[in-house]
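First comes the structure, then the notes that go with it.
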Amino acid sequence: MKTILFHQHGGPEVLGYTDFPTPEPRPGEVLVKLHVAALNRLDIFVRNGWPGLKLKMPHINGADGAGKVAKLGDGATGFEIGERVVINPNIGCQKCSFCLSGWDNMCRNWHLLGETMRGTYAEYVSVPARQLYKLPDDFDFHIAAGAALAYQTAWHSLITRGKLQAGETVLVVGAGGGVNTASIDIAKFSGTQVLVVGSDAKKLEKAEALGADILIDRSKEENWSKAVFLATNKQGVDVVIDNVGTTFMPSLRTLKKGGRLLTVGNSGRPKFEIDNRYIFAKHLSIIGSTMSNLADFATVMDLVVAGKLKPTLDKSFPLSEAAAAQEHLWNGKNFGKVTLDIG
Ligand SMILES: [Zn+2]
C-alpha cells in the first residue's frame with residue numbers, strides 16, 4: 001500500500017511517501033480501505049517526538065480516517081465488505097476496570113491510533129471492529145474523518161465531564177483549531193451563549209459564522225479577561241474552554257464563582273504558573289479529559305450524521321503532500337479540519 005511514514009523523529013522532511021506492506025486484520029479486527037484521513041496537531045507532536053515516546057519504527061501518523069471495509073479478521077462480525085465507516089481512534093482494551101465501566105478513554109492499556117500504533121496516513125489500516133461507526137451511503141468521508149477525534153474530544157469534555165447546561169455562558173479561548181471549532185458547534189447546539197477570544201479577525205469572523213455570539217479580538221484587547229467580564233455585564237462566564245494552557249490565569253479570571261475550566265490539551269507550553277487563590281476563593285473546578293468513550297463517540301457521530309453538528313473543513317491535500325498539510329496546520333493557517341485525500 002501507499003503510505004506516508006517516518007523512520008526517525010524530526011521536522012516535515014522526515015515524512016516519506018512510499019510503499020509499505022498492507023496490514024492483515026488480526027482476530028476481531030477489520031481492515032479498512034481509507035479514502036480520507038484528517039490531521040490533528042497530535043500528529044506533529046508524534047512526528048517531532050517527546051522524551052519517553054518509544055515508537056516501533058517506521059511509524060505512520062494519523063488518528064482520524066474514514067473509508068470502506070476491505071476485509072474481516074477471524075471472529076469480526078457486523079460488517080460487510082464495502083460498507084462505509086469512520087474510525088474511532090481511542091482504543092481501550094475492553095478488559096480493565098475502566099473499560100468495563102464504560103471509561104475506555106481511561107483504559108490501563110490505552111492506545112491511540114497514530115500515536116502508540118501505526119495510523120491513518122495510508123491506504124489501509126486495521127482496527128478492532130468495535131472502533132468502527134457505520135456511515136450512510138452518501139455521507140462525505142471528509143466530514144466523518146474530520147469529526148472523529150475533535151468532536152468526540154469536545155463532546156466528552158463539554159457534555160460528559162463539563163456537564164454543560166442550556167442557558168450557561170461559555171468562553172472558548174482560541175478560534176481556529178479542530179477541537180475549538182467543534183466546541184463552538186457543540187456549545188451552540190447545547191443552547192449556551194458562546195464567547196470566543198481569538199487573535200485573528202478573519203478567524204473570529206468564521207467563529208461568528210459558526211454561531212459564536214460575542215467575539216473578542218486578542219490583538220486589540222490586551223486584557224481580554226476584562227473584556228469578557230464587561231461583555232457579560234460583569235458576571236463572568238460559567239465555563240471556559242482553554243486548550244492553550246499558558247492562558248489559564250486570564251481564563252480563571254473570566255469565571256464566575258463556581259465556574260469550570262475545561263481542558264483537553266495545550267497548544268502553548270505545558271508548564272506555567274497558576275495563582276491558587278483564584279481556585280479556592282472562587283470555588284473553581286479545573287476539569288481535564290482526553291478523547292472519549294465508545295458511548296460518547298456513537299452519540300456525537302449520530303448528531304454529525306444527522307446534520308445537527310457540522311464539522312468545519314479547511315483544506316484537503318493529496319496523501320503524498322502530507323508534509324505540506326502538516327505545515328499548514330502547524331502554522332495555524334487553517335480554520336477547522338485539514339484532511340488528506342487518499343483515493
Ligand atoms: Zn481497558
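The values are calculated or read from the model by the stated rules, or taken from the named source; none is laboratory data. Predicted model, so just to flag it, every value in this text is computed and none were measured. Neighbour counts are summed over all protein chains in view; Cβ atoms, including those assigned to glycine, are modelled from backbone coordinates with ideal geometry. What goes into the accessible areas is simple: the full protein's heavy atoms, side chains included, and nothing from ligands, DNA or RNA. Shrake-Rupley method; radii C 1.70, N 1.55, O 1.52, S 1.80 Å.
How fast does the range 213-343 diffuse by Stokes-Einstein, in µm²/s, taking the Kirkwood radius from C-alpha pairs at 25 °C and 0.890 mPa s?
Values: Rh = 17.6 Å.
For the chosen part, D equals 140 µm²/s.
Cα to Cα, under 13 Å, and not fewer than 8 places away if on the same chain: which aspartates and glutamates meet these conditions relative to K315?
In chain and number order, the partners are E327, D341.
With a 1.4 Å probe and every protein chain left in place, work out the accessible area per residue of the chain in Å², rounded to a whole number.
Working: 14790 Å² over 343 residues.
Each residue of the chain exposes 43 Å² on average to a 1.4 Å probe.
Gaussian network model of the chain, Cα springs within a sub-10 Å range: biggest mean-square fluctuation belongs to which of D104, D217, D242?
For the chain, modelled as a Gaussian network with Cα springs under 10 Å, the answer is D217.
Per DSSP helix of 4 or more residues, -39500 (n - 2.57); summed, then divided by the residues of the chain. What does that give at 222 nm, rounded to the nearest 500?
Numbers: 10 runs with 90 residues, N = 343.
Calculated at 222 nm, the ellipticity per residue is -7500 deg cm²/dmol.
First select every other residue whose beta carbon is under 10 angstrom from the beta carbon of G258; then total the charges, Lys and Arg +1, Asp and Glu -1. Don't skip to the end; give the middle numbers.
Numbers: positive: K256, K257, R260, K282; negative: D238.
Local charge sum for G258: +3.
Rg(Cα) of the range 1-144 divided by 2.2 N^0.38 Å?
Values: Rg = 15.1 Å, N = 144, 2.2 N^0.38 = 14.5 Å.
Taking the Cα Rg and dividing by 2.2 N^0.38 Å, one obtains 1.04.
For the range 1-16 and the range 181-231, write down the distance between their C-alpha centroids in whole Å.
So the two Cα centres are separated by 36 Å.
Quick one: divide the alpha-carbon radius of gyration of the range 149-254 by 2.2 N^0.38 Å and tell me what you get. Display every interim value, and only then the final one.
Numbers: Rg = 12.3 Å, N = 106, 2.2 N^0.38 = 12.9 Å.
After normalising by residue count via 2.2 N^0.38 Å, the value is 0.95.
Which stretch or stretches of the range 148-185 have amide N atoms under 14 Å from the point lying 7 Å from I44's Cα along the Cα→Cβ direction?
Only 176-179 fall inside the zone, counting backbone N under 14 Å.
Where in the range 308-331 does the label zone of T246 land, with the point 7 angstrom along Cα→C-beta and an amide N cut-off under 18 Å?
330-331
What number comes out for the charge environment of S157, summing +1 per Lys or Arg and -1 per Asp or Glu over other residues with Cβ under 11 Å away? List each step's numbers first, then the result.
On the way: positive: R161, K163, R260; negative: D242, D296.
Neighbourhood net charge equals +1.
What aspartates and glutamates sit close enough to K257 to cross-link, taking a C-alpha to C-alpha distance under 18 Å and skipping anything fewer than 8 places away on the same chain?
Leaving aside aspartates and glutamates fewer than 8 places away in the same chain, those within reach of K257 are E168, D238, D242, D275.
Would you mind listing how long the chain runs along its three principal axes, going by Cα atoms, in whole Å with the largest first?
Its Cα atoms span 60, 42, 40 Å along the three principal axes.
Under Stokes-Einstein, with the Kirkwood radius over Cα pairs standing in for Rh, what whole-number D in µm²/s applies to the range 1-52 at 25 °C and 0.890 mPa s? Before the final figure, lay out the partial values.
On the way: Rh = 13.2 Å.
Using the Kirkwood radius from Cα pairs, D works out to 186 µm²/s.
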